[in-house]
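Undergrad: The structure that follows is given in the form of structure tokens.
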Amino acid sequence: RGANRSIPRDISLVTCDEVSLAEFLLPPLATIERDNLEMGTIAASLLLDMLAGMEPHLQTVPTTYVPRASVGLAPTD
């Protein structure tokens, strides 16, 4: 607000993981949600694999996008 910018007119805003009261802020914040327990389990499994001498590899953590009013259309000009 101090820079005279507006969400989502000038900039879109998305948070990672649910922020307390995100849906009640003005505008409500869009969120990318992940299961923290599952993410920790995957991280521990990857670490144990590496400690056992296995090659590092990528593991995808399932995510969900929760759209809310903090995301707007890209400018066309």
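The values are calculated or read from the model by the stated rules, or taken from the named source; none is laboratory data. Every value quoted in this text rests on a predicted model; they were computed, and no experiment measured them. The area values use the complete protein model at the heavy-atom level, side chains included, leaving out ligands, DNA and RNA. Shrake-Rupley method; radii C 1.70, N 1.55, O 1.52, S 1.80 Å.
Undergrad: Tell me, what is the percent relative contact order of the chain, built from C-alpha pairs under 8 Å that lie six or more residues apart?
TA: Computed over the chain, the figure is 42 percent.
Undergrad: Would you work out what percent of the accessible area of the range 20-62, with all protein chains in place, is carbon or sulfur (probe 1.4 Å)?
TA: Here it works out to 66 percent.
Undergrad: Compute for the chain: radius of gyration divided by Kirkwood radius, i.e. Rg/Rh, restricted to C-alpha atoms, rounded to two decimals.
TA: On the Cα set of the chain, Rg over Rh gives 1.19.
Undergrad: Right, something else. Suppose only helical runs count, i.e. DSSP H with n ≥ 4. What mean residue ellipticity at 222 nm does that imply for the chain under -39500 (n - 2.57) per run, divided by all residues and rounded to the nearest 500 deg cm²/dmol?
TA: Mean residue ellipticity at 222 nm (helix-derived): -7000 deg cm²/dmol.
Undergrad: Tilt of helix 36-51 relative to the longest C-alpha principal axis of the chain, in degrees (0 to 90, nearest 10)?
TA: Approximately 40 degrees, to the nearest 10.
Undergrad: Provide the per residue accessible area, probe 1.4 Å, for the chain, rounded to a whole number of square angstrom.
TA: 81 Å²
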